[in-house]
1. For the stretch 233-378, what does the equivalent ellipsoid look like in terms of its semi-axes, each the square root of 5 times an eigenvalue of the Cα gyration tensor, given largest first in whole Å?
2. Would you work out which of PRO154, ILE74, THR213 lies farthest towards the positive end of the dipole of the stretch 22-218, given +1 charges on the beta-carbon of Lys and Arg and -1 on that of Asp and Glu, about the Cα centre?
3. Evaluate the Kirkwood expression for the hydrodynamic radius of the stretch 163-302, namely the inverse of the mean inverse distance over all pairs of different C-alpha atoms, and round to one decimal in Å.
4. Nearest 20 debye, what's the magnitude of the dipole of the chain about its Cα centre given +1 on Lys and Arg Cβ and -1 on Asp and Glu Cβ?
5. Mind ranking 162-170, 73-81 by how tightly packed they are, going by the mean number of other C-beta atoms within 10 angstrom, highest first?
6. Can you flag which of LYS90/LYS220; LYS42/LYS88; LYS83/LYS184; LYS182/LYS278; LYS90/LYS182; LYS288/LYS341 are past 26 Å Cα-Cα?
7. Please compute, over every Cα-Cα pair in the stretch 222-302, the percentage with a separation greater than 14 angstrom.
8. Please report, largest first and rounded to whole Å, the three semi-axes of the ellipsoid equivalent to the stretch 32-164, where each semi-axis is the square root of five times an eigenvalue of the C-alpha gyration tensor.
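Where a number appears in this text, it was derived from the coordinates with a stated rule and is not lab data. All values derive from a computational prediction rather than experimental measurement. Quick reminder, even Gly has a Cβ in these numbers, built from the backbone with ideal geometry, and neighbours come from all protein chains shown.
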Amino acid sequence: MEVFEIEGGKRLSGSIIVSGLKNAATPIIAATLLSREPCVLKNIPRIEDVFRMLEILESMGATVEWQGQSTVMIDTRVVDPKKIDQEKVKRLRSSILLLGALSGRFATFSLRQPGGCVIGARPVETHIDALEKLGVTIKSDEKGYRVNADRRHPATVVLREFSVTATENAMLLAATLPGTTKIKIAATEPHVEDLGHFLQKMGARIEGLGTHTLSITGKKHLSGVTYEIIPDHNEAATFLILGAATRSKITVVNAREEHLDIVLEKLREFGVDFIVGKNEITVVPAKKLRAVSKVGTLPYPGIPTETQALFGVLATQAEGDTLIFETLFEGRFNSIPELVKMGARADVLNPHQVLIHGKTPLFGTVIKSFDLRAGATLIIAALVASGKTIIEDIYQVDRGYERIEERLQKIGAQIRRVNR
């Protein structure tokens, strides 16, 4: 078993580079199934979720070739969904995006229930309803889905909620449908917009990107393209909060201010300041962190659910009480018991609210990462804490952060990956 061993309590300094956006990479990889021509994707993060998505495509017959550290060529001209590795589908949440992608290319296929982080209920009814409005028939049971897309057609889709992946599934299918599809109540996250730009480059016409109403005029045959994935704003937020929590002057390279407006504003409430440059943001640490009344997650451009746990560890170092309000998932407080083991004081009021009492010193101990963002949160906590911390189940972190220990070492963090 691999673990992280971390010696904390030290200031960090220097520059840390943000990788490509995981949540854009996986839907765009799925979108390569829509073309019978090769696609070249640049700025792809080398993380577990990306590797698993590529392996799923390879299991169907796609050719995948890495052309350098962060560039991959994907050729899906010969794929057969009957050959799909359903075991890998089961283990990857992002495999839900294959519902839309495969519906855009094949008349029938089957797909197992996707896996992923244990952060609460993640129903797929919105996905199924959106695709059915586009003419797809989906029969489901506890094992998975049997899909018939033979009668797919353009239509107006009103999503039942602001769902990122349901929006993306509808976009993937609509891009292949001659005629115009409207998607209302669409999500507006940067990765949704990035998928839209990729589909536009393939030949689909899309209006309304960045708004809650999309108009998509698809093409039966989409082109293979070369495309560069945008930087990961959630990873940028992680490093910004790391600087704030450890009171370290860190420059986060490839951080886009326009994707981080509310995160930066909330950090300013905590007393942190920033120097915003071209393609980078430098943390100016607060002499004294102050608690804020509430940190509440919302659909973009609100505070992302992915950063909620990160703000929680920051709140342990702020003077006063901070209410963390997770509006989307009821299982996002996995990191709280681990923080308490380290000395944090927190009251979980209900599955969606936790009250953090600060300021409290943190101490190193043995803790466990239960999901991707909890893992990143615990790394920050360990770097804040005095003494040695051991973080178990670091596979969760590898799912979303590329070589995080190597990048942290370059700014002075004492972190090692150790086999136990």
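1. Computed over the stretch 233-378, the values are 23, 17, 14 Å.
2. PRO154
3. Taking every pair of different Cα atoms in the stretch 163-302, averaging 1/r and inverting gives 16.8 Å.
4. So the dipole magnitude of the chain works out to roughly 140 debye.
5. With the highest mean Cβ count within 10 Å placed first, the list reads 162-170, 73-81.
6. From LYS90/LYS220; LYS42/LYS88; LYS83/LYS184; LYS182/LYS278; LYS90/LYS182; LYS288/LYS341, over 26 Å: LYS90/LYS220; LYS83/LYS184; LYS182/LYS278; LYS90/LYS182.
7. Within the stretch 222-302, distances greater than 14 Å cover 63 percent of Cα pairs.
8. Listed largest to smallest, the semi-axes of the stretch 32-164 are 25, 18, 15 Å.
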